[in-house]
Amino acid sequence: MIEIREGGIASTVQDLGRTGHYHIGMPPSGAMDEYAHTVANYLVGNDGDAATVEMTYQGITATFDDDAVIAITGADMSPELNGDPIGTWETVAVDAGDELDVQFATDGARAYLAVAGGVDVPEVMGSRSTYTLVGIGGHEGRGLEAGDELPIGDPANGSADLVGTRLPAEYVPDYADEDTVRIVVGLTSYRLTDEARETLCSAEWTVSAEADRVGYRLEGPDLEFEERDQPFGAGTDPSNVVDLGYPIGSIQVPQQPIVLMQDAVTGGGYATVGTVISADRGLLAQRQTHKTVSFESVDVEEAIDARRRRSERLAEIRSVIDG
Amino acid sequence: MANERIKPVDLPEPRYEYGADDHVFVELAEAMSFTANFKAMAITQQVAERDIEGVVENCPANASYMLRIDPEVIHPDDLIAELRELEAELDLEEYEWETRLIDVPVLFQDPWTHETLMEFRDRHQDADSTDLEYSARINGYDSVEAFLDAFVGAPHMVTMVGFVPGLPWCFQMVPRSEQLEVPKYVEPRTDTPSRAVGFGGAFSVIYPVQGAGGYQLYGRTPIEVLDVDQSLPDFGDSMVFPNPGDILNYRRIDRETYDEIREQVEAGTYEYTYERVRFSPEEFFESPHEYNERLTEVIE
Amino acid sequence: MSQTTTVNSPMPGVFYRRSDPEEAPFVEPGDSVEAGDTIGLVEVMKNFHEIEADQAGTVGEFHVEDESEIEADQAIVEIEVE
C-alpha cells in the first residue's frame, strides 16, 4: 500500500490506456510519455502495461506500509527518500515506513513512479488508466489527494534483485533538447492555404499554460484557411468541417493549433491538419508550458520507422535490465 | 412534399489520409449527406466483421471514418488497399443493417436549459429571443410550436458518437429540403446542463455531462446517455447507450412526465423503450416519411 | 543585520498576485510575512499552485508582474529576512 501525503497538482494512475471504445467517445487515456512509463515498469520487473503514477510538474509525497521496489523515470523531479536524494531511471529499494518525496520538475513535465507489482487499482473497461472528465479508472477516477491509499499488486519473482539497476545513459532522454516533434501533414490539411501549411512546419510554437492531458494548445502565428462556400452541415466558420473523428496526436486548428493528447476529445467540427507521430507524442508531453516546439514534416514511412525503432529500443532495454 | 424521395448523392473519390503512423482517416465527402454517412457506417461495419488484424479502433463519423491501427501489425497502405476494395464492392442499395429504434422523451423549453441560455445571451446571434425562437425564425417557421413539430416530426439517426463519451450526433431522417439548419453560438458557452438537447449545423445532440457547449439549446431529457457506474439496467454491457447507426425518436413530454421518468432513472429502475429494427437505406430513400412511420410504429 | 532571500516559482505557468482580479494582492512590498504565507499563485493546466514565503521577513521587490508568464525556477520576489 502506498499512502499519499501530498498529491501534487495533477498526479494520476495510468497504464497504457483503454482501447476499443473510441467510437463511443472514450479516449484511450494512459501514460502521456509511454517510453518513460514503460522503462519505469521494466526497472521494477513489471510488464510495460502495469499501472504507474504519472506526476505533472509537481511530484507526490507518499509513505509505504511495506517493503517495496520502485523506479522513477521521466521528468527530473529530484526525488528523495527519507530526505536523501535517490536516483532516477534506477531501481530503488524502499523499506516499510519510508517517506518518498518527489519535488518539482526541472527538465521535462511528467515523471512516472513504478512499483514492483504495479499500482493495483481496479480495471475499468480493460484499463487502470484515470480519465478524469467522466471520473473513471485510477483511484476513484480522479487525481491523487492526501489520504488516498493505492494498493500494490504482487511483484514478479526476482524484482528485489533488480535493486541498484541503472538505465544506461544512452537510453535516458534529454528533455531539455527535444524541441522538434515530427508530424505527418494530412487529414483535412487541404483546408489550409499553402502558406499556412508552410507556416505550420516553420513557425516556433509556444506551449500554453492550459496544455494538459486533453490537448496541447500552442501559441504562434494565425493559420489561414482556404476560402470556400461552407458545405452542408459543416458550420459557418472557415475552420469548421463536418464533424469527424480526431486521431490521437492530431493537430486541430480552431485558430491556433491544439495537439490532442491521451484524454482527447474524440471528434468534432474543427479542421485537423496533421498528426504528431506516435514515437514523438511522449516528447511533446514532456515540453513544459512556455517552452517552444517546432513541427518537422515527415512521411508515413519515417513515422513507422521511428515507432519500430522505439519498440526495438524498449526491447533492448528490457534485455539489458533483465541481464 | 410528403412523398418526396431522397436522392442518393454522388460522392467524390474518398480521401485516404494518414493520421501519422497509427491512424487512417477517410473523408467520404466534405458535405453531410445520408449517402456519405451510410457509406461510413457500412464500411466500418464490414471492417468490424472482417476482424482485420492490427485494427484497434473503428470509428464511423458523420461523413468520414477513422481507424486506429498498430502499424507494426498492419501497414497503413495495406489497410488502405483493403478499404478501397471494400469501397468498390459496396452497393449501398443492397446494404441493410440491424439497428435500434429508441424512444427519447424530451421536455422542451425546460427551466434548466432556459436559465443557461438566458445567462449566455451575449454569446448568441440574437440576444433578444430564445434559442428556439431564433431557430424557428431562421428556418421559416412562424412559431416555436411549428418548429418543434418539425423537430420531433421525424426520427434522428445517430451518425456519430463522440467528443466526450456518449454524446450522440444525430441527423434528422428527412429529405434535404426539410432539413433544419442553425449556426452554433457565436462564442461557445462555458456551461450546459447535463442531458440538454441541442442543435447545431444540421445535427441534434444530447449532452451527456455538464460542460462547455456551442449548440442551440431546446430542451432536456430525463434519461441518461452515459452511466459511468453502469447501474441502470440498459448499461450492463457499456457505460454508453447510443451507438452509431441507432435511431432516436424524440418525444415531447410535459413536466409531470419528466419528473416521473427522472424519478425512475434516479432509482436505477428506468429502462429504455427501444426495439431492434432492420434498416434499409434503399427503402428509406424511396419514401422517407412512410418508412419512418413504419419504423416508429414499433415503439408506439 | 538583514539578508535577502529570493522566492522562485517551482513550476511554469501564469503568475497571479491576487486570488481574484477584484481582490487586493496577497502581499505588497513592505508587508511582513510569516513562513508559509501565500505570496502568489501559479496557474498551469487550469490548476492553481500557491507560492509561499519560505521564511519570515519583509516583502521586497517583485521580479514579475501580475498575470505574467513565468518559467520554472524564475525569481518571483525578494524577502528581507530579519
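The values are calculated or read from the model by the stated rules, or taken from the named source; none is laboratory data. This one's a predicted model, so the numbers in the text were calculated from it and none came from an experiment. No Cβ is skipped: glycine too gets one built from the backbone with ideal geometry, and neighbour counts run over all protein chains shown.
Which of the residues belonging to region A:235-252 are surrounded by fewer than 24 Cβ atoms within 10 Å (Cβ to Cβ), assigned to a loop (DSSP other than H, G, I, E, B) and at negative phi?
Correct list: A:T236, A:D237, A:P238, A:S239.
Can you work out which of the residues in region A:209-226 that are assigned to a loop (DSSP other than H, G, I, E, B) and within 23 Å of B:G214 (Cα to Cα) is nearest to the other protein chains (Cβ to nearest Cβ)? Can you show your working first?
Taking region A:209-226 as the starting set, the residues that turn out to be assigned to a loop (DSSP other than H, G, I, E, B) are A:209-214, A:220-224, A:226.
Pick out the ones that are also within 23 Å of B:G214 (Cα to Cα) and you get A:210-214, A:222-224.
On the way: A:E210: 6, A:A211: 7, A:D212: 4, A:R213: 8, A:V214: 9, A:D222: 17, A:L223: 18, A:E224: 18 Å.
Looking at the filtered set, the residue picked out is A:D212.
Within region A:157-194, how many residues are part of a helix (DSSP H, G or I), over 20 Å from the mean Cα position of the chain (by Cα) and farther than 16 Å from A:T272 by Cα?
Initially, region A:157-194 is screened for residues part of a helix (DSSP H, G or I), giving A:159-162, A:169-171, A:175-177, A:189-191, A:194.
Remaining after also requiring over 20 Å from the mean Cα position of the chain (by Cα): A:159-162, A:169-170, A:189-191, A:194.
Still in the list and also farther than 16 Å from A:T272 by Cα: A:159-162, A:169-170.
The number of residues fulfilling the criteria is 6.
Within region A:126-154, count every residue that is part of a loop (DSSP other than H, G, I, E, B), within 14 Å of chain B (Cβ to nearest Cβ) and of a type outside the set (D, E).
From region A:126-154, those part of a loop (DSSP other than H, G, I, E, B) are A:126, A:128-130, A:132-135, A:137-138, A:140-141, A:143-148, A:151, A:153-154; that's our starting set.
This time we only want the ones that are within 14 Å of chain B (Cβ to nearest Cβ), so: A:126, A:129-130, A:132-135, A:137-138, A:140-141.
From what is left, the residues that are of a type outside the set (D, E) are A:126, A:129-130, A:132-135, A:137-138, A:141.
Final tally of qualifying residues: 10.
Which of the residues belonging to region B:1-30 are among the small types (G, A, S) and surrounded by 20 or more Cβ atoms within 10 Å (Cβ to Cβ)? If you could, list the steps in order and put the result at the bottom.
Within region B:1-30, the first condition is being among the small types (G, A, S), and the residues that meet it are B:2, B:19-20, B:29.
Hits for region B:1-30 are B:G19, B:A20, B:A29.
Select the strands (runs of 3 or more DSSP E) contained entirely in region A:256-299, then report the ones holding at least 1 residues which are modelled with pLDDT of 95 or more and closer than 16 Å to A:I183 by Cα. Talk me through it step by step, then tell me what you get.
Values: elements: A:258-260, A:267-270, A:272-276, A:292-297.
In region A:256-299, the matching strands (runs of 3 or more DSSP E) lie at A:258-260, A:272-276, A:292-297.
For the list (1) in contact (Cβ under 8 Å) with a residue 40 or more places away in the chain; (2) among the basic types (K, R); (3) within 22 Å of A:E219 (Cα to Cα), I need the number of the one condition that C:R18 fails.
Here C:R18 clears every test but (3).
Quick check on region A:236-248. Is at least one of its residues over 24 Å from C:M45 (Cβ atoms) and within 21 Å of the chain's Cα centre (by Cα)?
yes
A quick yes/no check of all residues on (1) within 21 Å of the chain's Cα centre (by Cα); (2) within 14 Å of chain A (Cβ to nearest Cβ):
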site: B:H124; (1), (2): no, yes
site: B:A136; (1), (2): yes, no
site: B:V144; (1), (2): no, no
site: B:A150; (1), (2): yes, no
site: B:P168; (1), (2): yes, yes
site: B:P175; (1), (2): yes, yes
site: B:I206; (1), (2): yes, yes
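Within region B:253-276, which residues are basic (K, R) and surrounded by 15 or more Cβ atoms within 10 Å (Cβ to Cβ)? Walk me through how you get there before you give the answer.
Within region B:253-276, the first condition is being basic (K, R), and the residues that meet it are B:255, B:262, B:276.
Listed by number, the list holds a single entry, B:R262.
Name the one entry in A:V320, A:V265 that is hydrophobic (A, V, I, L, M, F, W, C), surrounded by fewer than 24 Cβ atoms within 10 Å (Cβ to Cβ) and more than 8 Å from every other protein chain (Cβ to nearest Cβ). Step through it out loud before you land on a result.
Numbers: A:V265 fails: more than 8 Å from every other protein chain (Cβ to nearest Cβ).
One residue alone meets the criteria, A:V320.
Scanning for something in contact (Cβ under 8 Å) with a residue 60 or more places away in the chain and within 14 Å of chain C (Cβ to nearest Cβ), does region A:78-100 turn up at least one residue? Full working, then the answer.
In the first step, residues of region A:78-100 are kept if they are in contact (Cβ under 8 Å) with a residue 60 or more places away in the chain; the result is A:87, A:89-93, A:99.
Next, from what is left, pick out any that are within 14 Å of chain C (Cβ to nearest Cβ): none.
Among the residues of region A:78-100, not one is in contact (Cβ under 8 Å) with a residue 60 or more places away in the chain and within 14 Å of chain C (Cβ to nearest Cβ), which makes the answer no.
Given the condition without any contact (Cβ under 8 Å) to a residue 12 or more places away in the chain and either surrounded by fewer than 24 Cβ atoms within 10 Å (Cβ to Cβ) or in the same structural domain as B:L83 (by TED's automatic domain parsing) (or both), answer yes or no: does some residue in region B:35-49 qualify? Break it down into steps so the answer makes sense when it comes.
Initially, region B:35-49 is screened for residues without any contact (Cβ under 8 Å) to a residue 12 or more places away in the chain, giving B:48-49.
From the residues that got through so far, the ones that are either surrounded by fewer than 24 Cβ atoms within 10 Å (Cβ to Cβ) or in the same structural domain as B:L83 (by TED's automatic domain parsing) (or both) too are B:48-49.
There is at least one residue in region B:35-49 that is without any contact (Cβ under 8 Å) to a residue 12 or more places away in the chain and either surrounded by fewer than 24 Cβ atoms within 10 Å (Cβ to Cβ) or in the same structural domain as B:L83 (by TED's automatic domain parsing) (or both).
Which pairs do you get when a residue that is among the small types (G, A, S), found in region B:1-17, comes within reach of a residue that is at pLDDT 90 or above, reach meaning Cβ atoms under 6 angstrom, with the pair 6+ apart or on two chains?
Here the result reads B:A2/B:H289, each pair linking region B:1-17 to a residue that is at pLDDT 90 or above.
Restricting to strands (runs of 3 or more DSSP E) lying wholly in chain C: which have 2 or more residues that are facing chain A (nearest Cβ under 10 Å) and under 27 Å from A:G7 (Cβ atoms)? Spell out how you get there, then give the answer.
Numbers: elements: C:3-8, C:13-16, C:38-44, C:47-52, C:57-62, C:68-70, C:75-81.
Per the criteria, C:13-16, C:38-44, C:47-52, C:68-70.
I need the strands (runs of 3 or more DSSP E) fully contained in region A:1-89, keeping only those with at least 2 residues that are over 19 Å from A:A105 (Cβ atoms).
Values: elements: A:2-6, A:11-14, A:52-56, A:61-64, A:68-74.
The qualifying strands (runs of 3 or more DSSP E) are A:2-6, A:61-64, A:68-74.
When you check A:V134 against the structure, is it without any contact (Cβ under 8 Å) to a residue 24 or more places away in the chain, under 27 Å from A:R18 (Cβ atoms) and crowded, with 17+ Cβ neighbours inside 10 Å, yes or no? Walk me through it before giving the result.
Values: without any contact (Cβ under 8 Å) to a residue 24 or more places away in the chain: yes; under 27 Å from A:R18 (Cβ atoms): yes; crowded, with 17+ Cβ neighbours inside 10 Å: yes.
The answer is yes for A:V134.
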